[in-house]
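Working notes, beginning with the structure itself.
The values are calculated or read from the model by the stated rules, or taken from the named source; none is laboratory data. Computed from a predicted model, the values in this text were never measured in an experiment. All Cβ positions, even for glycine, are placed from backbone atoms using ideal geometry, and neighbour counts span all protein chains on display.
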C-alpha cells in the first residue's frame, strides 16, 4: 500500500505521462505545409529599473535552425520573415524558395549586435511539401559568450493556424 506522498507522486507521474502523450499525438501528424511562429530575443531586459530608471539591456545572438526531420520526403521553404517587437517586417531571409532534402538543415543567424528586433522579435517560416511529410523542427538557439560567462536558451516554433 502506498502512503500519501507516494500516492501523490504516482498520480502526478500518471498525469504527466497522459499530458505528454496527448502533446505527441497532436504533433505527430504528417503535413503538406505550415506557417510557423518562432520567438526570437535579440536582447533581454534585466535588473532593476530603480537603479538607472530603466532595466539593463543584454544583447544576444540567435541561430535559427530549420531541420527537415522526414527521412524520405524533401520539403520546400517558401519564406523566413523576421519581424520586430511591433510586428514590422525587418527582413526576408530567403530570396527564393529553398528545398531541404530529407534530414537536411538550414541555418539562419541574427547577430548579437543587431538589436533591431527587440525582446519581442519573431521569425515566421512557411514551408510546403508535394507529399505529406513530418513537419520540420524549427528552433532558435539564443546565446552570449562573454569571457567566462555564458548564457544560452532555446525557443521552439509552433504552427499558426
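Points to keep in mind about this one:
- Identification of strands (runs of 3 or more DSSP E) wholly contained in segment 20-129 with 2 or more residues that are under 28 Å from residue 145 (Cβ atoms) and touching a residue at least 24 places away in the same chain (Cβ under 8 Å) yields 31-40, 43-46, 56-59, 61-67, 75-83, 105-110.
- Meets criteria (exposed (fewer than 11 other Cβ atoms within 10 Å of the Cβ) and either in contact with a helix residue (DSSP H, G or I) (Cβ under 7 Å, 6 or more places away or on another chain) or in a strand (DSSP E or B) (or both)) for residue 139: no
- Here residue 87 meets the list (1) at positive phi; (2) surrounded by 15 or more Cβ atoms within 10 Å (Cβ to Cβ) almost entirely, failing just condition (2).
- Residue 155 vs. criteria closer than 19 Å to residue 75 by Cα, in contact with a strand residue (DSSP E or B) (Cβ under 7 Å, 6 or more places away or on another chain) and in a strand (DSSP E or B): no
- Criterion (at pLDDT 95 or above and either under 16 Å from residue 45 (Cα atoms) or in contact with a strand residue (DSSP E or B) (Cβ under 7 Å, 6 or more places away or on another chain) (or both)) met by exactly one of 80, 96: 80
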